[in-house]
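Participant: This structure is in structure tokens; I'll ask about it shortly.
What follows is calculated from the coordinates using simple rules that are stated; it is not laboratory data. Computed from a predicted model, the values in this text were never measured in an experiment. Don't worry about glycine lacking a Cβ; one is built from the backbone with ideal geometry, like all the others, and counts go over all protein chains shown.
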Amino acid sequence: MSKIQNAFAKGKAFIAFITCGDPNLETTAAAVRVAVENGADIIELGIPFSDPTAEGPVIQGANLRALKGGATTDKIFALVKELRKDVSVPMVFMTYANVVFSYGAERFMAACQDVGIDGIILPDLPFEEKEEFSPICRKYGVDLISLIAPTSENRIAMIAKEAEGFLYIVSSLGVTGTRSEITTDLASIVAIVRQNTDVPCAIGFGISTPEQAKEMADIADGVIVGSAIVKLLEKYGENAPKYIGEFVKSMQEAIRGM
């Protein structure tokens, strides 16, 4: 069992997404630490990219602020190495195939192994093309995390059978961002996943309130929250970690039924 799967062993997992370098890498480090202190089971770190096609305006804005502030892939690897001195929960990268390509896939995954990154999510990598990366990921012990969208339909079983780390179930069509309600029949997607793999699944995209988090956790093994956390960084800047800690605590308590 991978380190990521172990994070689901103690109950419903809360996965916090943070864009690296927004507004700066020091604030990112503080936000990660406070999220873990308040119950985040896995940290998803976004490597900023100039054309983040899966992202809504909130995370797009965070990407642009981070790039403008000088965040680079090398600086983010150094950040993770520093975090690993005291952060033990699994950490995964969320970025785009072009970022990995331009860095050099072998060099990128070797660096992931070196600094302690457990998995990677590439939302623009079609499942049918994952063999381009999966042998290199396996070589360096990095789980290549697949996404299942409402449009995956007859591909759900196939994707589930080859899942690593956890399965990222996209709650709604479209890009990331908070939503007032989630209407997708997620229970039927999760049912197909469970018939085909023991790998845990977590639901993301659009979850922003403890009530939504509880509803999603009742269906799946975990909940992923990004835009709601990034909004706090946008609003409070370097003072955001305090508010992120309070938010993560409220979400974790909701999904664990405390």
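Participant: Separation between the S50 and L67 pseudo-spin-labels, each 7 Å from Cα along Cα→Cβ, expressed in nm?
Facilitator: Between S50 and L67, the label points sit 0.6 nm apart.
Participant: A further question on this structure: May I have the convex hull volume per residue, in Å³, for the Cα set of region 51-135?
Facilitator: Convex hull of Cα atoms, per residue: 111 Å³.
Participant: Once the mean 1/r over all distinct Cα pairs of region 36-82 is inverted, what Kirkwood radius in angstroms do you read off?
Facilitator: Result for region 36-82 stands at 12.0 Å.
Participant: Taking K and R as +1 and D and E as -1, what net charge do the other residues with C-beta under 12 Å from the C-beta of E37 add up to?
Facilitator: Neighbourhood net charge equals +1.
Participant: To the nearest 500 deg cm²/dmol, what mean residue ellipticity at 222 nm is calculated for the chain from DSSP H runs of n ≥ 4 alone, each contributing -39,500 (n - 2.57), summed and divided by the residues?
Facilitator: -13000 deg cm²/dmol
Participant: Hey, another quick one. At 7 Å along the Cα-to-beta-carbon direction for both D74 and K242, put a label point, then send me their distance in nm to one decimal.
Facilitator: Taking the two extended label points, one gets 3.6 nm.
Participant: Would you tally the net charge around P200, using a Cβ to Cβ cut-off of less than 12 Å, leaving P200 out, and scoring K and R as +1, D and E as -1?
Facilitator: Every neighbour counted, the sum reads -2.
Participant: Still on this model: Can you give me the distance in nm between label points at E128 and N6, each placed 7 Å from the Cα along the Cα-to-Cβ direction?
Facilitator: Taking the simple label geometry, E128 and N6 are separated by 3.8 nm.
Participant: Can you return the aspartates and glutamates within cross-link range of K235? Criterion is Cα-Cα under 14 Å, with same-chain partners fewer than 8 residues away left out.
Facilitator: K235 reaches D22.
Participant: How much length is gained if the chain between A191 and E253 is pulled fully straight, taking 0.36 nm per residue apart and subtracting their Cα-Cα distance, in nm to one decimal?
Facilitator: 19.8 nm
Participant: I've got another one for you. Which of these, P210, P23, P126, has the largest mean-square fluctuation under a Gaussian network model of the chain (Cα springs below 10 Å)?
Facilitator: Top of the fluctuation ranking is P126.
Participant: Same structure, new question: Between S146, S188, S227, find the one with the highest GNM mean-square fluctuation for the chain; connect C-alpha pairs within less than 10 Å.
Facilitator: Ranking S146, S188, S227 by mean-square fluctuation puts S188 first.
Participant: May I ask which of K12/K249; K3/K249; K12/K75; K10/K249 have a Cα-Cα span longer than 20 Å here?
Facilitator: Going by Cα-Cα distance, K3/K249; K12/K75 fall outside the 20 Å limit.
Participant: Moving to a separate point now. With no solvent and one point per C-alpha, what does the Debye sum give as log10 I(q)/I(0) for region 10-49 at q = 0.19, 0.29 Å⁻¹?
Facilitator: -0.52, -0.97
Participant: Take the Cα of K81, step 7 Å along the line toward its Cβ, and report every residue of region 12-46 whose backbone nitrogen sits under 17 Å from that point.
Facilitator: Residues 25-26, 29 qualify, since their backbone N sits under 17 Å from the label point.
Participant: Can you give me the orientation-averaged projected area of the convex hull built on the Cα atoms of the chain, in nm²?
Facilitator: 11.9 nm²
Participant: For the chain, set up a GNM with springs between Cα atoms under 10 Å and report which of G116, G204, G46 has the largest fluctuation.
Facilitator: G116
Participant: Using alpha carbons only, how many angstrom separate the centre of region 7-27 from the centre of region 97-124?
Facilitator: Computed from Cα coordinates, the inter-centre distance equals 17 Å.
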